[in-house]
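Input: a single structure, listed below in structure tokens.
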Amino acid sequence: MGNEINKEVKASCLRLLARREHSRRELLNKLMTKGYSKENIEQVITELAEQGLQNDHRFMESYARQRIAKGYGPVKIRYELQQKGIDDCDLKSVVEESVGSWTELLSRIYTRKYQDENSMTRQEWAKRSRFLQQRGFSGEMIMNLFKQLAIGFE
């Protein structure tokens, strides 16, 4: 009976992994909602990880690459990864490979959204800062960008 359940759990895991990379926590949560026991799921996930079919590091890189491509910053990506069970993540190598640096990405996002205005009202300046913070960039990164672009408010 236990072996049959493990086969079902493994088949479900493989179906999920065939679509995209998943973290251990994602697989565990999805399969627990289907009614499988935590012990069976963890056993199967461990087997899949040993076979190289499930890998949290590979998931982290794939997820981070996708989010960087959509213009999200390190704060947001790190938070989302923590929600998916990935606590230790080195985003530096992924961002360098994808766009060069966080500063480059931030500059691209800003210039794509906003015109070349160097002077604006305090309210507009705050609005733009909030937009960038919601995208996951730190206040320090945003301030550095504004200094680099010589952006201030009246």
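The values are calculated or read from the model by the stated rules, or taken from the named source; none is laboratory data. None of the values given here were measured: they were computed from a predicted structure. Methodologically, a virtual Cβ is constructed for each residue, glycine included, from the backbone with ideal geometry; neighbour enumeration extends over all protein chains shown.
Only one residue in GLY35, GLY85 is free of Cβ contacts under 8 Å to residues at least 12 places away in the same chain and either more than 20 Å from ARG135 (Cβ to Cβ) or surrounded by fewer than 16 Cβ atoms within 10 Å (Cβ to Cβ) (or both). Which one? Steps first, answer last, please.
Values: GLY85 fails: free of Cβ contacts under 8 Å to residues at least 12 places away in the same chain.
Just one listed residue meets the conditions, GLY35.
Which of (1) in contact with a Gly (Cβ under 8 Å, 6 or more places away or on another chain); (2) aliphatic (A, V, I, L, M); (3) closer than 22 Å to LYS10 by Cα is the odd one out, the single condition ILE45 does not satisfy?
So the condition that ILE45 fails would be (1).
Residue check: is ILE86 under 30 Å from ASN29 (Cα atoms) and either among the charged types (D, E, K, R) or not assigned by TED's automatic domain parsing to the domain that holds ARG25 (or both)?
Considered against the rule, which asks whether it is under 30 Å from ASN29 (Cα atoms) and either among the charged types (D, E, K, R) or not assigned by TED's automatic domain parsing to the domain that holds ARG25 (or both), ILE86 comes out as yes.
When you check GLU47 against the structure, is it out of contact with any helix residue (DSSP H, G or I) (no Cβ under 6 Å at 6 or more places or on another chain), within 30 Å of GLY152 (Cβ to Cβ) and assigned to a helix (DSSP H, G or I), yes or no? First the steps, then the outcome.
Numbers: out of contact with any helix residue (DSSP H, G or I) (no Cβ under 6 Å at 6 or more places or on another chain): yes; within 30 Å of GLY152 (Cβ to Cβ): no; assigned to a helix (DSSP H, G or I): yes.
No.
Which residue, of SER62, SER93, is among the polar types (S, T, N, Q), farther than 25 Å from ARG15 by Cα and either under 16 Å from the mean Cα position of the chain (by Cα) or not assigned by TED's automatic domain parsing to the domain that holds PHE146 (or both)?
Of SER62, SER93, the one residue that is among the polar types (S, T, N, Q), farther than 25 Å from ARG15 by Cα and either under 16 Å from the mean Cα position of the chain (by Cα) or not assigned by TED's automatic domain parsing to the domain that holds PHE146 (or both) is SER93.
Take the residues in region 1-32 that are of a type in the set (S, T, N, Q) and touching a residue at least 12 places away in the same chain (Cβ under 8 Å), then tell me which one is surrounded by the most Cβ atoms within 10 Å (Cβ to Cβ). I'd like the intermediate steps shown before the answer.
Restricting attention to region 1-32, the residues satisfying the condition of being of a type in the set (S, T, N, Q) are 3, 6, 12, 23, 29.
Narrowing further to those that are touching a residue at least 12 places away in the same chain (Cβ under 8 Å): 6, 12, 23.
Working: ASN6: 16, SER12: 17, SER23: 22.
Checking each candidate, the answer is SER23.
Which condition breaks for LYS76 when tested against (1) touching a residue at least 60 places away in the same chain (Cβ under 8 Å); (2) on the phi > 0 side of the Ramachandran plot?
(2)
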